[in-house]
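As structure tokens, the structure follows; a few thoughts come after it.
The values are calculated or read from the model by the stated rules, or taken from the named source; none is laboratory data. None of the values given here were measured: they were computed from a predicted structure. Backbone-built Cβ (ideal geometry, glycine too); neighbour counts: all protein chains shown. For accessibility, only protein heavy atoms count, side chains too; no ligands or nucleic acids. Shrake-Rupley method; radii C 1.70, N 1.55, O 1.52, S 1.80 Å.
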Amino acid sequence: MVLYIIGLGLHDEKDITVRGLEIVRSCDSVFLEAYTSVLGSVPTEKLEAFYGKSVTVADRGMCENDADDLIIEPAKEKDIAFLVVGDPVCATTHTDLVLRAKEVGVKVEMVHNASIMGAVGACGLQLYNYGQTVSIPFFDDKWRPTSFYPKIQYNRSGGLHTLCLL
């Protein structure tokens, strides 16, 4: 069985690749990663209608704490789809999931798609002039990280653009 990490692209439910859609429709369970990004204003019900599958939203807690039990272990015996806004290899959360799955013998396949890393060039700024990309996580009442500030400062000191992923 396989854990599929599937990129959804950048706009809406129809940005998924044909290969990705075929895989989603064949999987036993489908999770939508909603920790590192959200798919604009597309409600989960719209994804479910288009994909023909029930979709479980995977928040930060599920991605970081419960993925072993809810996503990785079941992939030993079932096909599991883990949907990611953009492309799967652009966030450490997804790389961590892949590494943990492989450590316990779960086969992992990636389905790539458009990402903000490529689309950022559409604003007219050259990708070669970008420094380190930073992630600015969603804040909550108890957690307001500042770890991205030094990277922004470093890029500014070198005259480089900073791509801030929200």
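Of all the criteria given as (1) at pLDDT 90 or above; (2) open to solvent by 70 Å² or more (accessible area, probe 1.4 Å); (3) of a type in the set (Phe, Trp, Tyr), the one not satisfied by residue 128 is (1).
The set of residues in segment 19-42 being modelled with pLDDT of 90 or more and surrounded by fewer than 16 Cβ atoms within 10 Å (Cβ to Cβ) consists of 19, 22, 25, 26, 28. Residues that are hydrophobic (A, V, I, L, M, F, W, C) and open to solvent by less than 50 Å² (accessible area, probe 1.4 Å) within segment 86-110 comprise 91, 97, 98, 101, 106, 108, listed in sequence order.
Taking the numbered list (1) within 20 Å of the chain's Cα centre (by Cα); (2) without any contact (Cβ under 8 Å) to a residue 60 or more places away in the chain; (3) buried (at least 16 other Cβ atoms within 10 Å of the Cβ) in turn, residue 113 passes all entries but (2). Among all positions in segment 151-160, there is at least one residue which is under 23 Å from residue 93 (Cα atoms) and open to solvent by 70 Å² or more (accessible area, probe 1.4 Å).
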